[in-house]
Amino acid sequence: MSWRNSGACNGLDPAIFFPDSEENASEAIAICSECPVRISCLEHALTVREKDGVWGGATDRERRRLIRQRRRSA
């Protein structure tokens with residue numbers, strides 16, 4: 001997980017990426033959109049089934065949707 005050191009989130013307040021609701025995730029998503037390791041981060045979250053927070057620019061709900069889509073196309 002060496003990609004973590006290169007993330008745009010590195011050094012920022014983790015609370016940004018763990019908002020109290022998905023509706024309040026826009027700041028985290030904006031940071032992720034500029035991140036050079038966004039794809040690696042998202043793949044990690046999908047692989048380990050992260051249930052909380054914004055990872056790779058995706059909320060938990062969006063990650064669950066991606067997992068379902070991947071299952072259907074497999």
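Please treat every number below as a calculation from the coordinates, not as lab data. This one's a predicted model, so the numbers in the text were calculated from it and none came from an experiment. All Cβ positions, glycine included, derive from the backbone under ideal geometry; neighbour counts span all protein chains shown.
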Next on the checklist: Please count how many residues of segment 15-45 are of a type in the set (Gly, Ala, Ser) and surrounded by 12 or more Cβ atoms within 10 Å (Cβ to Cβ).
Outcome noted: 5
Next on the checklist: Consider segment 38-62. How many of its residues are within 16 Å of ALA15 (Cα to Cα), out of contact with any Asp or Glu (no Cβ under 6 Å at 6 or more places or on another chain) and of a type in the set (Val, Ile, Thr)?
Outcome noted: 1
Checklist entry - Taking segment 46-62, which residues are surrounded by 12 or more Cβ atoms within 10 Å (Cβ to Cβ) and within 18 Å of GLU27 (Cβ to Cβ)? => result GLY53, VAL54, TRP55, GLY56, GLY57, ALA58, THR59, ASP60, GLU62
